[in-house]
1. Please enumerate the residues belonging to the stretch 13-51 that are in contact with a strand residue (DSSP E or B) (Cβ under 9 Å, 6 or more places away or on another chain), more than 14 Å from residue 154 (Cα to Cα) and in a loop (DSSP other than H, G, I, E, B).
2. Tell me the residue from 144, 172 that is out of contact with any strand residue (DSSP E or B) (no Cβ under 7 Å at 6 or more places or on another chain) and either buried (at least 21 other Cβ atoms within 10 Å of the Cβ) or closer than 18 Å to residue 35 by Cβ (or both), please.
3. Can you find even one residue in the stretch 281-289 that is modelled with pLDDT of 90 or more and either over 25 Å from residue 193 (Cα atoms) or surrounded by 13 or more Cβ atoms within 10 Å (Cβ to Cβ) (or both)?
4. Could you list all residues from the stretch 206-231 that are more than 30 Å from residue 17 (Cβ to Cβ) and at pLDDT 90 or above?
5. The conditions are (1) more than 20 Å from the chain's Cα centre (by Cα); (2) surrounded by fewer than 21 Cβ atoms within 10 Å (Cβ to Cβ); (3) more than 28 Å from residue 4 (Cβ to Cβ), and residue 112 fails exactly one of them. Which is it?
6. Any residue that is surrounded by 15 or more Cβ atoms within 10 Å (Cβ to Cβ) and over 29 Å from residue 23 (Cβ atoms) - is there at least one of those in the stretch 191-205?
7. Select from the stretch 61-78 the residues that are outside any loop (DSSP other than H, G, I, E, B), in contact with a helix residue (DSSP H, G or I) (Cβ under 9 Å, 6 or more places away or on another chain) and surrounded by fewer than 17 Cβ atoms within 10 Å (Cβ to Cβ) and list them in ascending order.
8. Write out, first by first residue and then by second, each pair whose Cβ atoms fall under 6 Å of each other, whose residues are 6+ apart or on separate chains, and whose first residue, in the stretch 287-299, is within 10 Å of residue 217 (Cα to Cα) while the second is modelled with pLDDT of 70 or more and not in a helix (DSSP H, G or I).
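The values are calculated or read from the model by the stated rules, or taken from the named source; none is laboratory data. These numbers were taken from a predicted model, which means no experiment stands behind them. In this analysis, Cβ positions are derived from the backbone assuming ideal geometry, glycine residues included, and neighbour counts consider all displayed protein chains.
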């Protein structure tokens, strides 16, 4: 079982939303889909779901082409859009019965019970959807996406706006879904990717700039140190000392600096701070964080 995306291209008048996008995902994968606002993530998910027609390219799921056999293709997909459209006047269990009838699910009552238990909705099954909290509404949206046992589950910002407890529960739910399907979800929360993903896709300015395992993405291509100053660093980054350094600014106080000789680099940093009268709070060897890698890829 695999998802193959081949040369997807989408243009809105003069603006290119997605440019020649290609990748493959195998069954059992939870893949994080990252990128700045406007990078093309939601457009890509809509094209993969068959909701939006690409200008070029195709998507193949388990050998079925989205272009050649769109009905059979869409039957294998579960999709939770970012807006999570729900019939809020319906009761939770009533809504699932409605969806089961649309999908023509055999033994629908049994499947509805399975989905309710899987998504933790048993206490809410007899309530109106409109009366639920955002966290439970997200669960209803995910349940609606998986009720027909799809081969591919697409989730667009599934954890947006959830509290910490809800985040932990939805993370565990997303991970459990990969046992029987491919899971591809977009998010702005980088911690989500570190917590539950096996691999990551990164879009920037409509193009794919990374397609790799999380472990390989975080593997340092060059040794680095993280230095945290007590003072804000924006005012002195233009100094001669920094001009020949390979660094990423993490925040107002911290830098990650790469070098092939960290011993010499650390001495130089300490000498510089002493000469400038700066206070160093931390100076340590480390791998780059996902936030720093993301910053490098999308700038």
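1. If the condition is that a residue be in contact with a strand residue (DSSP E or B) (Cβ under 9 Å, 6 or more places away or on another chain), more than 14 Å from residue 154 (Cα to Cα) and in a loop (DSSP other than H, G, I, E, B), then 35, 36, 38, 39, 40 are the ones that fit.
2. Values: 172 fails: either buried (at least 21 other Cβ atoms within 10 Å of the Cβ) or closer than 18 Å to residue 35 by Cβ (or both).
None of the others qualify; the one that does is 144.
3. Quick first cut of the stretch 281-289, residues modelled with pLDDT of 90 or more only: 281, 283.
Next, only the ones that are either over 25 Å from residue 193 (Cα atoms) or surrounded by 13 or more Cβ atoms within 10 Å (Cβ to Cβ) (or both) stay: 281, 283.
Yes, because at least one residue in the stretch 281-289 is modelled with pLDDT of 90 or more and either over 25 Å from residue 193 (Cα atoms) or surrounded by 13 or more Cβ atoms within 10 Å (Cβ to Cβ) (or both).
4. 227, 228, 229, 230, 231
5. (2) is the only condition that residue 112 fails.
6. The first filter runs over the stretch 191-205 and keeps only residues surrounded by 15 or more Cβ atoms within 10 Å (Cβ to Cβ), leaving 192-204.
Imposing the further condition that a residue be over 29 Å from residue 23 (Cβ atoms) reduces the set to none.
No.
7. Let us first name the residues in the stretch 61-78 that are outside any loop (DSSP other than H, G, I, E, B), namely 61, 64-65, 70-75, 77-78.
Checking the rest, the ones that are also in contact with a helix residue (DSSP H, G or I) (Cβ under 9 Å, 6 or more places away or on another chain) come to 61, 64-65, 74-75, 77-78.
Once the filter is applied, which keeps residues that are outside any loop (DSSP other than H, G, I, E, B), in contact with a helix residue (DSSP H, G or I) (Cβ under 9 Å, 6 or more places away or on another chain) and surrounded by fewer than 17 Cβ atoms within 10 Å (Cβ to Cβ), the stretch 61-78 yields 65, 74, 75.
8. 288/256
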